[in-house]
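Accompanying notes for the structure given below.
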Amino acid sequence: MPRQPDFHTAQTKTKQIYTLLRERIFQGIYPAGRRLPSTRDLASEFGVSRALVVEVYEQLIAEGYLEGRQGSGTYVVDLGGRRPFLAQQQERSLSLGAADSIKASSGFHRIDFRPSFPALEHIPRKKWKETAQAVFENMAAWEFGYDQTEGHIELRTAICQLLRNTKGITCLPSQVMITAGATQGIALLCRFLLKPGDSMVSEDPTATFIYEMFASTGANIIPVPVDDHGLRIVDIPSSVRPKCVFVTPSHQFPFGSILSIGRRMELLEYARQTGCYVIEDDYDSEFRYAGMPVHALRELDAERVIYVGTFSKNLFPALRIGYMVMPNELIAPLQRLKRLADMQSPTLPQLTLARFIAEQHLERHIARMKRIYGKRRNRLITSLSEAFGSGVRISGDAAGLNLVAELNKYKLDSYATARLAEQNITIYPAEKYTIAKGKYEDRFIMGFGNVSEPDIVEGVKALAEILKGTSRRNNEPL
């Protein structure tokens, strides 16, 4: 039976009926040349006014799905060879829509252990709204025009103060550039520093999108492994002179190690000798669960290190505000690239964030989230220990929003992946983030930032059952 409208949703009746009739055309329920029911009959079927159905018919006629024949009625137009393609698209859309409806009605929820992802349900909506409204009402007339490419001076000043208090970085507003998240900052650095045939060094493993940005330049990417002390500088081939080295020294992604002071000094000396720049990505080290916050690498060398930060983790990704702290000699060329990219970042979010920082709302929010993330972290560690006992080794959990679970008896093969997908649970093998494959097949990167404590327990329990079942299955005699 064709799908019927559900007028309990937020979508208007007109839109729902329009969508339903179009679906029936795509699916062939109303084939080409068929005369549609009268507007009166269809209004009776759906329980709506005839005027509403007339409006929908007129819209479908205007878009070419239907044609009206004087004195005869309304007929479906032959869409020709386009029908199968459109029908397939619509069927996929319908399947997804139906699945969403089922999920909503059954209380379905998805457990996604995505690493380095914040708790979206704890976004400070009310305080952000109040701050944004106050900022908007008090903006000067000139602030509604074009602003400086490098970002609003108020936000750049606030970031300098924030970095001085939390990361040990001393910098001037003129050295700070506001970007669309850390992603745009790294993209600008890729464009400025690398061209086809150049070499660059990257931690391995690293974030997939970071690797893809560097790879898009045509540069030769040299993967260098990390261990419990961070990047192994000694493993950088002596035969290369890279243009840059990419590191996450305060909380390596995804393994969570801290670049030791010895290696920091070694890396900076290497940068000075080769003339390369060090790109320091500090993405979530605010959330440290033991000891003092780790100071930034840039604190030790302001002219060889380009510091990249973001508010995506400590506030929310949709904000799309990041920043770079640049060596003096790179300020002008990077500003030119930014101007060519998008002229400037939006002013209202910048001013809202500046006030949010100045009034210490960000500081209080981070403190609150640190408590929440700490509880989720502890719950994940406890759940993994209870599920796998001595068969699990946990690391990389001192800071951030994810940890590493090393399960030396288990691997996430295609069968286990399919079983997890059936239960709508997403796990991230470490191999997903590696450049040189095959080294970390027994490690899983498990994020806890956006997973509630009950979901953590449920997800780990399901993971254990599936992995243990898969292991027994693989060891069964044929």
Worksheet item: Across segment 175-193, what is the total count of residues that are open to solvent by 10 Å² or more (accessible area, probe 1.4 Å), out of contact with any Asp or Glu (no Cβ under 9 Å at 6 or more places or on another chain) and over 22 Å from A302 (Cβ atoms)?
Response: 3
Response to the item:
Counted residues in segment 145-168 being of a type in the set (K, R), out of contact with any helix residue (DSSP H, G or I) (no Cβ under 6 Å at 6 or more places or on another chain) and open to solvent by less than 70 Å² (accessible area, probe 1.4 Å) come to 1
Worksheet item: Of the residues that make up segment 99-112, is at least one touching a Leu at 6+ places or on another chain (Cβ under 8 Å), of a type in the set (K, R), over 22 Å from I357 (Cα atoms) and not in a loop (DSSP other than H, G, I, E, B)?
Response: no
Worksheet item: In this structure, is L334 without any contact (Cβ under 8 Å) to a residue 12 or more places away in the chain, under 18 Å from M213 (Cβ atoms) and either of a type outside the set (S, T, Y) or part of a strand (DSSP E or B) (or both)?
Response: no
Discussion item. Going residue by residue through segment 309-326, is there one that turns out to be buried (at least 22 other Cβ atoms within 10 Å of the Cβ), over 20 Å from the mean Cα position of the chain (by Cα) and within 30 Å of C244 (Cβ to Cβ)?
Written reply: yes
Item to complete: Just give me the residues in segment 191-227 being closer than 19 Å to Y428 by Cα and in a loop (DSSP other than H, G, I, E, B), in sequence order.
Response: P205, T206, A207
Worksheet entry | Matching option when the condition is within 18 Å of V201 (Cβ to Cβ) and open to solvent by 60 Å² or more (accessible area, probe 1.4 Å), among S260, S239 | S239
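Matching residues to (1) touching a Ser or Thr at 6+ places or on another chain (Cβ under 6 Å); (2) among the hydrophobic types (A, V, I, L, M, F, W, C); (3) touching a residue at least 24 places away in the same chain (Cβ under 8 Å); (4) surrounded by fewer than 14 Cβ atoms within 10 Å (Cβ to Cβ):
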position: R393; (1), (2), (3), (4): no, no, no, no
position: G400; (1), (2), (3), (4): no, no, yes, no
position: D413; (1), (2), (3), (4): no, no, yes, no
position: E422; (1), (2), (3), (4): no, no, no, yes
position: Y428; (1), (2), (3), (4): no, no, yes, no
position: K432; (1), (2), (3), (4): no, no, yes, no
position: G438; (1), (2), (3), (4): no, no, no, yes
Worksheet item: Is it true that S345 is of a type in the set (S, T, Y) and either without any contact (Cβ under 8 Å) to a residue 40 or more places away in the chain or part of a helix (DSSP H, G or I) (or both)?
Response: no
Item to complete: Just one of (1) touching a Phe, Trp or Tyr at 6+ places or on another chain (Cβ under 9 Å); (2) modelled with pLDDT under 50; (3) aliphatic (A, V, I, L, M) trips up L66, so point out which.
Response: (2)
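The values are calculated or read from the model by the stated rules, or taken from the named source; none is laboratory data. The shown structure was predicted, so the numbers you read here are calculated from the model rather than taken from an experiment. No Cβ is skipped: glycine too gets one built from the backbone with ideal geometry, and neighbour counts run over all protein chains shown. Ligands, DNA and RNA are excluded from the accessible area calculation, which covers all protein heavy atoms including side chains. Shrake-Rupley method; radii C 1.70, N 1.55, O 1.52, S 1.80 Å.
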